[in-house]
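Novice: Please find one structure pasted underneath; my questions will follow.
The values are calculated or read from the model by the stated rules, or taken from the named source; none is laboratory data. Small disclaimer: the values here were computed from a predicted structure and weren't measured. Here Cβ is always computed from backbone atoms with ideal geometry, including for glycine, and neighbour counts include all displayed protein chains. Please note that ligands, DNA and RNA were not included when accessible areas were found on the heavy atoms of the full protein model with its side chains. Shrake-Rupley method; radii C 1.70, N 1.55, O 1.52, S 1.80 Å.
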Amino acid sequence: MLHFNRTVRDVLPKLFRSGESVNYFNNELALTKSGKLNTWDYRWTYAVWKHDGLCVSPNVNLVRNIGFAADATHTKNPDSEKQNAGRRGMNGPDEEFLMNELDLNKKIYVAGHKGLVGSAFCRKLKALGATNIIIRTHAELNLCDQAATNAFFHEERPDYVIMAAAKVGGIVANDTYSADFMRENLQIQTNMIDSAYRSGCKKLLFLGSSCVYPKLCPQPIKEEYLLSGPLEPTNDGYAVAKISGLMLCKTYRKQYGFNAVSVMPGNLYGPGDNFHPDNSHVLPALMRRFHEAKQAGLSEVTVWGTGKPLREFIHVDDMVDASLFLMRRYSGEKHVNIGSGVEMTMMELAELLAKVVGFSGNILTDPSKPDGTPRKFMDSSFLFGMGWKPSIAFEDGLRRTYQWYLEQKTCGGIRNGHLIGGEFTCSVRDIGRPYDHRDV
């Protein structure tokens, strides 16, 4: 039997499956069920629960890491000491680092399953063996409708929620439709987070955006730089909405104990992206422009802005992998950056895209168009320190994306830049309308 120097009542039950119970005797722990109860595995240490008490093997780092002191000897693990010091310093209560396994047999609601991010989550969850993925089209569920959203959650009662639904777009769309971006994202986020909590959701993943950070933010961008300065004015409506969603997750955790985790991905790309010539993000827009220039035999392509801003891109499959890693292993109040660790100028991006597409003409710049934030490079050291790293090299990811784009065009899946067919694809959109939650 191990003896602890602080109460275990609020922490240890989180490590048990439902239906298993724990007895407490003068701050000692005994288990009521005989045999092996649960196994906890987290890179550098693990614990096995048995009928005769808490047995920790090969050391008692778990007991020490969550704030207990045990009457037992242990072998110090230098790697765990270094990593846990960083995590405790950033995230406060040590309980936040307890394992939160993602049960793939439970109900998992992926909001926005037709878009770039949502379709990637569906692909990955299916590949992992998830058996109960819940999806709804906009025709079936309007997430801006509070009553409809609340009714859906109370009927389905998903165990896990992945918030991949949002109204998104590039610089022009954000600047032109700023009120729409702010209003609809606030509605979607408020309705989903509140309904998920009230319907008994075990864990929610909120996806933010790197645009939540100040325009002239110190680089690389650390999580703590949030709200430290003015936002980029061309997308401040969208950014404020995303910040509000992040804060809603934080306050629901604080007031209600709701297990909502927030991540801030860098610039995403990959299969399922929006290739609209005006309302898409920079990478798919440029990919399409170079492709069409090649097909038309043009001698030059113009890139908006000066070509000098620095950007970091991460493949959507890597972002999904990181998010599910955090769903399993992280339960903290602080949001977590998800980046690739690689950045380049817009001109370097254009040159690489031209290479991938096979365009051999000249690349010009148009300084009359906005550059946006001068540099946006995420500090992902916290995530990397937990043991996750991206696996898709940038050029390889671009080639995969271009191949997908060509396949969609060949089968008639893209019209006027819009994906219009397939299991996890976007619906037809009018050319002038920005990319929004009805399509993602």
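Novice: Given the criterion buried (at least 19 other Cβ atoms within 10 Å of the Cβ), more than 30 Å from residue 244 (Cα to Cα) and at pLDDT 95 or above, identify the matching residue among 297, 307, 358.
Specialist: Sole residue among the options that is buried (at least 19 other Cβ atoms within 10 Å of the Cβ), more than 30 Å from residue 244 (Cα to Cα) and at pLDDT 95 or above: 307.
Novice: May I ask you to list pairs of residues, at least six apart or on different chains, whose Cβ atoms are under 9 Å apart, with the first in the range 118-138 being over 16 Å from residue 163 (Cα atoms) and the second being loosely packed, with under 13 Cβ neighbours inside 10 Å and among the polar types (S, T, N, Q)?
Specialist: Hits for this filter: 129/105; 130/105; 131/105; 132/105.
Novice: Let me ask something else about it. For the range 378-391, give me each residue that is in contact with a Lys or Arg (Cβ under 8 Å, 6 or more places away or on another chain) and surrounded by 16 or more Cβ atoms within 10 Å (Cβ to Cβ).
Specialist: Across the range 378-391, the qualifying residues are 379, 382, 386.
Novice: Which condition breaks for residue 238 when tested against (1) over 19 Å from the mean Cα position of the chain (by Cα); (2) closer than 26 Å to residue 368 by Cβ; (3) buried (at least 18 other Cβ atoms within 10 Å of the Cβ)?
Specialist: Failing condition for residue 238: (1).
Novice: Test residue 191 against the criterion of being in a helix (DSSP H, G or I), under 16 Å from residue 267 (Cα atoms) and in contact with a helix residue (DSSP H, G or I) (Cβ under 7 Å, 6 or more places away or on another chain), and give yes or no.
Specialist: In short, no.
Novice: State whether the residues of the range 243-259 include one that is open to solvent by less than 40 Å² (accessible area, probe 1.4 Å), without any contact (Cβ under 8 Å) to a residue 40 or more places away in the chain and within 28 Å of residue 331 (Cα to Cα).
Specialist: Yes, the range 243-259 contains a residue that is open to solvent by less than 40 Å² (accessible area, probe 1.4 Å), without any contact (Cβ under 8 Å) to a residue 40 or more places away in the chain and within 28 Å of residue 331 (Cα to Cα).
Novice: Name the single residue that is modelled with the lowest pLDDT among those in the range 260-280 being open to solvent by 20 Å² or more (accessible area, probe 1.4 Å) and either more than 15 Å from the chain's Cα centre (by Cα) or of a type in the set (D, E, K, R) (or both).
Specialist: 278
Novice: Pull up the range 173-219, narrow it to residues that are under 30 Å from residue 157 (Cβ atoms) and among the charged types (D, E, K, R), then point me to the one that is least open to solvent (accessible area, probe 1.4 Å).
Specialist: Only one residue tops the list, namely 203.
Novice: Being at negative phi and in contact with a Pro (Cβ under 9 Å, 6 or more places away or on another chain) is the filter here; which residues of the range 358-382 pass it?
Specialist: Across the range 358-382, the qualifying residues are 371, 373, 374, 375, 376, 377, 378, 379, 380, 381.
Novice: Also, quick follow-up: If the requirement is being closer than 23 Å to residue 104 by Cα, open to solvent by less than 10 Å² (accessible area, probe 1.4 Å) and either in contact (Cβ under 8 Å) with a residue 60 or more places away in the chain or touching an Asp or Glu at 6+ places or on another chain (Cβ under 9 Å) (or both), which of these qualifies: 338, 314?
Specialist: Criteria check complete, one pass: 338.
Novice: Something else now. Which residues, counting only those in the range 406-434, are closer than 24 Å to residue 209 by Cα and either at pLDDT 90 or above or not in a loop (DSSP other than H, G, I, E, B) (or both)?
Specialist: Answer for the range 406-434, where residues must be closer than 24 Å to residue 209 by Cα and either at pLDDT 90 or above or not in a loop (DSSP other than H, G, I, E, B) (or both): 418, 419.
Novice: All but one of (1) closer than 24 Å to residue 232 by Cβ; (2) in contact with a Lys or Arg (Cβ under 8 Å, 6 or more places away or on another chain); (3) modelled with pLDDT under 95 hold for residue 369; state the number of the condition that does not hold.
Specialist: (2)
Novice: I'm trying to understand the selection: among the residues of the range 304-356, which are part of a strand (DSSP E or B) and touching a Ser or Thr at 6+ places or on another chain (Cβ under 7 Å)?
Specialist: 305, 310, 312, 313, 314, 337, 338
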